[in-house]
Amino acid sequence: MSALLEVAGVSKAFGPIKAVDNLSLAVAQNEFFALLGPSGCGKTTLLRMIAGFERPDQGRILLDGVDITDVKANRRPINLMFQSYALFPHMTVAGNVAYGLEMEGVRGADLKRRVDEALALVQLSPLAQRKPAQLSGGQKQRVALARALVKRPKLLLLDEPLGALDKKLREQMQIELKRLQQETGIAFLVVTHDQEEALTMADRIALLRQGHIAQLGEPRTLYERPRSRFVADFIGQMNFLEGRRIAEGFEVPGIGLLDAANIADVPAGTDGALAVRPERIVVSESDPGQAIAAEVEGLAYLGQDLILHLALAGQAKPLVARVPAANPLTTHVARGSRVWCSWSAAHSLILSE
Ligand SMILES: Nc1ncnc2c1ncn2[C@@H]1O[C@H](COP(=O)(O)OP(=O)(O)OP(=O)(O)O)[C@@H](O)[C@H]1O
Ligand SMILES: [Mg+2]
């Protein structure tokens, strides 16, 4: 697949702050690409440069192979949906969606057809004559989306598009956004600081940290093969057991020698942490052999899962395990219970960064 958007070595500083620092990435045609990262890592700044509202200090931005770094925002076939989507309160839903096209000189039957199409796409046709004040948060969100889609950009940039919505609606809209992206074939570049949202929607994710890319890849790769503690910790939940790679394995004080999926790639003498996800930990009430003894220090019932905090010998922080409710031990395990935990070496990684 050829790249639709190419960001090549782009930097932007505000005084002493390097908001975006020599960053490169490419978004393919028809791709759903998520920019993920903590507050202040440069997500909005990068989007604003791609849209043309901010000029990079360095680097180039290409669309379909054409350098657009010096092209004005309104001449780029790119639309940006802002972090706060301001609708015109005095206009109807249809009026809000039509506005951008009218500015471009689209009139009459052509205008009506395109507005109708965009409203149908976001399932708002029955509400076309309402005013924004008569809509729910999710409906307003969809008006903003229709307004962005109606101009048929090649690339749609969305800055925290679901930020204003409650959890339930957010989850519905995540599926909806994905459907819209697939139906229209428009490439989406979506900013979020919610890792679950990125995992749900994106074909690929770039996780940003302090203006640069910590890791870029498919959701599964970021989750299963994080390159650093920062990535491992940001995407999902992760346990870290501090230790050192020695010739015989990975040595964790108080626990002993452990194996890991990437142990062959880690040279002896390396200090680091063994990382294992809570849902990968197998908890049992009798010693299955080769397991680590632990004491239940705390527990939280989540319906489908039980979260256990397990105190291990020599470890200051408890190990967090996520046990499916179907496991019989969840019905009677309590604070102070003695248990054993283990995991497959294939499900753990040594991270030295
Ligand atoms: N116009 C500006 N003037 C000065 N500093 C700015 C400006 N815009 C952004 N910054 C700074 O650049 C850094 C990156 O900001 P940016 O808005 O890109 O972050 P973000 O990743 O979008 O964060 P959030 O998730 O909070 O929206 C921050 O430290 C911010 O304070
Ligand atoms: Mg932002």
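Among the residues here, Arg152 qualifies as away from ligand 1 (no atom under 16 Å from the Cβ), in a loop (DSSP other than H, G, I, E, B) and assigned by TED's automatic domain parsing to the domain that holds Gln182. Looking at Ser348, is it within 25 Å of the chain's Cα centre (by Cα), hydroxyl-bearing (Ser, Thr, Tyr) and either under 28 Å from Leu222 (Cα atoms) or surrounded by fewer than 18 Cβ atoms within 10 Å (Cβ to Cβ) (or both)? Yes, satisfied.
Gly314 meets the stated requirement of being touching a Pro at 6+ places or on another chain (Cβ under 7 Å) and loosely packed, with under 12 Cβ neighbours inside 10 Å. In segment 218-238 there is no residue that is in a strand (DSSP E or B) and out of contact with any Lys or Arg (no Cβ under 6 Å at 6 or more places or on another chain). Residues of segment 1-14 that are modelled with pLDDT of 95 or more and either away from ligand 2 (no atom under 16 Å from the Cβ) or not assigned by TED's automatic domain parsing to the domain that holds Asp70 (or both): Leu4, Leu5, Glu6, Val7, Ala8, Gly9, Val10, Ser11, Ala13. You will find that of Leu162, Leu189, Leu145, the residue that is within 16 Å of ligand 1 (Cβ to nearest atom) and in contact (Cβ under 8 Å) with a residue 60 or more places away in the chain is Leu189 and no other.
Checking Val276, Val320, Val296 one by one, the residue that is in contact (Cβ under 8 Å) with a residue 24 or more places away in the chain, touching a strand residue (DSSP E or B) at 6+ places or on another chain (Cβ under 9 Å) and more than 24 Å from Ser228 (Cα to Cα) is Val296 and no other. Where strands (runs of 3 or more DSSP E) sit wholly within segment 288-353, those with at least 1 residues that are hydroxyl-bearing (Ser, Thr, Tyr) occupy 292-301, 338-342, 348-351.
Hey, does segment 104-117 have a residue that's surrounded by 19 or more Cβ atoms within 10 Å (Cβ to Cβ) and within 16 Å of ligand 1 (Cβ to nearest atom)? Taking every residue of segment 104-117 in turn, none turns out to be surrounded by 19 or more Cβ atoms within 10 Å (Cβ to Cβ) and within 16 Å of ligand 1 (Cβ to nearest atom). Taking segment 290-310 as the range and being surrounded by fewer than 16 Cβ atoms within 10 Å (Cβ to Cβ) and closer than 15 Å to Arg338 by Cα as the test, the residues that pass are Ala293, Glu295, Glu297, Gly298. Taking segment 327-345 as the range and being among the polar types (S, T, N, Q) and either out of contact with any strand residue (DSSP E or B) (no Cβ under 9 Å at 6 or more places or on another chain) or buried (at least 18 other Cβ atoms within 10 Å of the Cβ) (or both) as the test, only Thr331 passes. Residues of segment 48-72 that are under 26 Å from the mean Cα position of the chain (by Cα) and away from ligand 2 (no atom under 16 Å from the Cβ): Gly52, Arg55, Pro56, Gly59, Arg60, Ile61, Leu62, Leu63, Asp64. Filtering segment 208-222 to residues that are surrounded by fewer than 18 Cβ atoms within 10 Å (Cβ to Cβ) and within 16 Å of His347 (Cβ to Cβ) leaves Arg220, Thr221.
Restricting the first member to segment 250-270 and to residues that are farther than 12 Å from Ala345 by Cα, and the second to residues that are outside any strand (DSSP E or B), the beta-carbon pairs closer than 6 Å and six or more apart or on different chains are Pro253/Gly314; Gly254/Ala313; Gly254/Gly314; Ala268/Ala247; Thr270/Ser352.
Scanning segment 239-287 for residues being among the acidic types (Asp, Glu) and not in a loop (DSSP other than H, G, I, E, B) gives a total of 5.
The values are calculated or read from the model by the stated rules, or taken from the named source; none is laboratory data. Values in this document were obtained by computation on a predicted structure and should not be read as measured data. A quick note on method: Cβ atoms are made from the backbone with ideal geometry, for glycine too, and the neighbour counts reach across all protein chains shown.
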